[in-house]
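Okay, structure first, notes after.
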There are 2 protein chains.
Amino acid sequence: MFRFTVTQKDSCTQARLGHLTTTHGAVTTPAFMPVATQGTVKATTPRELREVGVEMLLANAYHLYLRPGVDLIEQAGGLQRFMGWDGPILTDSGGYQVFSLKDLCRVSEEGVRFRSHLDGSSHFLTPETVVRNQERLGVDIAMVLDECVPGLASYAEAARAAALTSRWAARALAAKTREDQALFAIVQGGVFPDLREQSARDLVALEFPGYAVGGLSVGEDAQVTYQLAAHTVQFLPHSHPRYLMGVGTPEQLVRYVALGFDLFDCVLPTRNARNGTLFTRAGKLNIRRAAYATDPRPVEDGCACYTCQHFSRAYLRHVAVAGEILSARLNTLHNLYFYQQLMRAMREALAADRFAAFARPFLAPHEAQRKEERVWQM
Amino acid sequence: MFRFTVTQKDSCTQARLGHLTTTHGAVTTPAFMPVATQGTVKATTPRELREVGVEMLLANAYHLYLRPGVDLIEQAGGLQRFMGWDGPILTDSGGYQVFSLKDLCRVSEEGVRFRSHLDGSSHFLTPETVVRNQERLGVDIAMVLDECVPGLASYAEAARAAALTSRWAARALAAKTREDQALFAIVQGGVFPDLREQSARDLVALEFPGYAVGGLSVGEDAQVTYQLAAHTVQFLPHSHPRYLMGVGTPEQLVRYVALGFDLFDCVLPTRNARNGTLFTRAGKLNIRRAAYATDPRPVEDGCACYTCQHFSRAYLRHVAVAGEILSARLNTLHNLYFYQQLMRAMREALAADRFAAFARPFLAPHEAQRKEERVWQM
C-alpha cells in the first residue's frame, strides 16, 4: 500500500517533489500536516480541511490512547472513520508527549512508565505496545516510540537516549503486523552532530519506509536546529520520505524543504489562530489590535479562503474581542489556507524548476531572522 | 419593502402560514430565528445557517451598541454586511437586557440610564435613540424600547411599566425615518390579563407593522405563560405578524404556533448545544453521558444534518469530554437543524391542512409537561 516516489529534484537545492501513496489516498510532497491532537484539528471540520487543501493529518497516539482509548476507536472502525476524515493520517507515537512530562515518567530498557496528565493513572508503554496501538487505530503512518531529550541535555544523556531509541526502533519494526501501515523511525541525538549521524545510520540500517528527525525545536537555538537538521538529512536515503517533526514557521518550512525534507507538522497555524495571530504574505498580524477595529479589508487582499472572502478585519477583531467561537474558526481557516497555499507554491515552483528563486530569500537564517516580516511571492 | 401576508389559515387552530417580505429577502412563517447576540450565532458561520435552512436571524441591538458600537457597524455598511449574513435580521431593542440588570439601571419617563455590563460605563437610551441605533444598524425589523418587569412584579408595577412602554412606543414610531425597516411594538403587562389586553389595545391603536409579546418566560410558571400568551394574542390583528419573544422548547413552539404566533427566537438550541444537550424527535439527550461512549449511531437516525451524516454519538461524546471547539460546532448544527426541521414540518402541515393532527399531542400543556420525552412525527 505504502509507496514514495521522488518525482522531481531541484537543480539548485536539496528540495524534491514527491508522491506518497497510502491506504487512505495520495499526498503530494512537500506537505504540511495540520495537527489533530485529540482526533480533531481544533475548531475545524474535515470538510473544511479538504476545502483549504489539506491532504494528510497528524494525530497523537498518546492523547488518543488516554482518551477516548484505543479499544473504542478500533471498535468504531479506526481513527479515520471515528473522526470523519477519509484521507491519510500519521500518528505521532507519544514519545515526545511522555518525555515532555519529565517528572511523571520513568524510562527503562523495556519501555516507559508514566502518569496520565488527565487523571494521574499509571501507564506503561513499550515499543511493541506503541506499534500495536497505532495498528489498532488503523492509521496510514505510525511512528516508533522514541526517547526525546531536552535541547540542553548533556552529550552522555543524548547518546544514551539515541541508542535506546535505536534499540526500540528495531523492536518496533519486529513487532509490526499490518502491511497497510508504514512505520517511520525517528532520528534522535540531541544537539550533537555525531550522535545525530550515528542515530540516522543505525535507523537506516534497519530499513524503515520513512525517517523522521525528532527532538529538534525543543529549547535549543533556531540556528542550532537548522544546522542539526542540515547535518542529519544527509544520512537519510534520497529514496525515502523525510519528516521534520514539529516544524514550523512559514520561513522555516521553505528552508527545510530546501534541505530535502518532505513532511512537516506544527501547531503554529492553529494555535496562533486561536490567539488571534494571522499569517499573511506581508508578515503576521494580531487581529485583536485596536488598529483593526474599523479596518474594512480582509486579512489578506486576494486571499481565496472563506474568511477573507466573507469577513473584514473589523469583524474578525470584533468576534475575537467578544470571545466568540467563530473567531477561532475563521482565524484557523485562514491560517491553514495560508500554510497549504505556501506548500502548494513550493510544489509548483519545484515542478517548474524555479524553487531556488522562490526560496532564496529564506535560505540564510541570519538574514531571515533579521527581517522578520517579509513579503512572500506566491 | 416590508409586507406580511397570511397565505393559509388552519381550520382547527389559530395557526397560520405566512409570507414575510423584507429588504433582505423573504421568510416563510411560522419561523424560528436563531440568536446572534453579538453578531454571530454562536459557533456557526452564515454559510452553515443557510445550510440548516435558517431564513432570518435575531441580533441584539443592546450588545452591538456596547460592542463594537453602532458607528462602526454603520461604517461597515450595516449589520448584514458586517457579519456576512445577507438575509433578514431582526434586532431586539435591548429593553430586556437593560432591565435584566436591575441594579445597574434607572428608568425615567425620558428613557433609561444603565451601566455597561462590559466596562461599567454609563449610558442613556431613549425610545428615539433606540430606533436611531437600529436604523443605523440597517436591519430589517427593529423592536421598540420597552420596560420589561420580572414575572413576580406587582400589579401596580406591571401597570406602570406597560403604560410607559406604550408611551415609549408612540415616541419610537414618531422617531422612525427609514422606510426600508419595519418597527415592531412589544406588548407588556406582566402576569395580569387585563394589563396585557390594555397594552395590546394601546399598541394596536398606534398601527405598527408587527407586534411582539414580551415579558413572558421571565420567571413565571410555564402554564401562566401559556395562558397569558393565549389571552394576549386575541387582541393582535390577524393581518399582522405576531412575534413571541424568547420562546422556546420544541413543544412550546408547536403550542404557540397553534395560538397564532408567527415568529420566535430562543437561545435554547444553541446554548443547549454548547452544554452537550441535543434535541431529537424522541426527546433530549446529553451527549456527555458515559452511555454514549461507544455508541456508533448518529444523534438521530435519518437526520440529514452534517453532524448526523458524518459523526457517531461516540465521537461527539469524545470531543465534548475533551473540550474541543468542534463539539460546540457539531452540536449547534444539529440542534439548529432540528429546530428548522420542526418549523418546516409545521409549515408543511399547515399547507396540507393537517396541522391540528400534527400539533394535537402538544396542545394540552398538562399532558405535555407530564410526558417530557415525546416522539415527533415529522
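Here's the yes/no breakdown for (1) in contact with a strand residue (DSSP E or B) (Cβ under 7 Å, 6 or more places away or on another chain); (2) at pLDDT 95 or above; (3) closer than 24 Å to A:ARG196 by Cα:
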position: A:LEU259; (1), (2), (3): no, yes, yes
position: A:ASN275; (1), (2), (3): no, yes, no
position: A:LEU278; (1), (2), (3): yes, yes, no
position: A:ILE287; (1), (2), (3): yes, yes, no
position: A:VAL299; (1), (2), (3): yes, yes, no
position: A:HIS310; (1), (2), (3): no, yes, no
position: A:VAL319; (1), (2), (3): no, yes, no
position: A:LEU330; (1), (2), (3): no, yes, no
position: A:HIS334; (1), (2), (3): yes, yes, no
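So, A:THR280, is that one more than 14 Å from chain B (Cβ to nearest Cβ), within 30 Å of A:THR22 (Cα to Cα) and of a type in the set (S, T, N, Q) or not? Taking the combined requirement at face value, the residue does not satisfy it. Each residue in the range B:86-113 was checked for being buried (at least 24 other Cβ atoms within 10 Å of the Cβ) and either among the aliphatic types (A, V, I, L, M) or outside any loop (DSSP other than H, G, I, E, B) (or both), and 6 of them qualify.
Of all residues in the range A:5-25, those that are open to solvent by less than 50 Å² (accessible area, probe 1.4 Å) and in a strand (DSSP E or B) total 8. A Cβ distance below 7 Å, combined with a sequence gap of six or more or placement on separate chains, defines the contacts here; from the range A:149-176, residues that are over 19 Å from A:VAL218 (Cα atoms) reach residues that are among the polar types (S, T, N, Q) and at pLDDT 95 or above in the pairs A:SER166/A:SER199. The requirement of being touching a residue at least 40 places away in the same chain (Cβ under 8 Å), open to solvent by 40 Å² or more (accessible area, probe 1.4 Å) and either under 30 Å from A:ASP295 (Cα atoms) or in a helix (DSSP H, G or I) (or both) is not satisfied by B:GLU135. Among the residues making up the range B:67-85, those that are crowded, with 20+ Cβ neighbours inside 10 Å and within 11 Å of another protein chain (Cβ to nearest Cβ) are B:PRO68, B:ILE73, B:ALA76, B:LEU79, B:PHE82, B:MET83, B:GLY84, B:TRP85. From the residues in the range B:138-167 that are under 11 Å from B:VAL191 (Cα atoms) and of a type in the set (A, V, I, L, M), which one is most open to solvent (accessible area, probe 1.4 Å)? That would be B:LEU152. Among residues of the range B:213-231 being part of a loop (DSSP other than H, G, I, E, B) and touching a Pro at 6+ places or on another chain (Cβ under 7 Å), the one that is surrounded by the fewest Cβ atoms within 10 Å (Cβ to Cβ) is B:GLY219. Looking for something open to solvent by less than 10 Å² (accessible area, probe 1.4 Å) and within 30 Å of A:GLN8 (Cα to Cα) - is there at least one such residue anywhere in the range A:307-328? Looking for residues that are open to solvent by less than 10 Å² (accessible area, probe 1.4 Å) and within 30 Å of A:GLN8 (Cα to Cα), one finds none in the range A:307-328, hence no.
The values are calculated or read from the model by the stated rules, or taken from the named source; none is laboratory data. The shown structure was predicted, so the numbers you read here are calculated from the model rather than taken from an experiment. Cβ atoms come from the backbone with ideal geometry, glycine included; neighbour counts cover every protein chain shown. Just the protein is used for accessible areas: all its heavy atoms, side chains included, with ligands, DNA and RNA removed. Shrake-Rupley method; radii C 1.70, N 1.55, O 1.52, S 1.80 Å.
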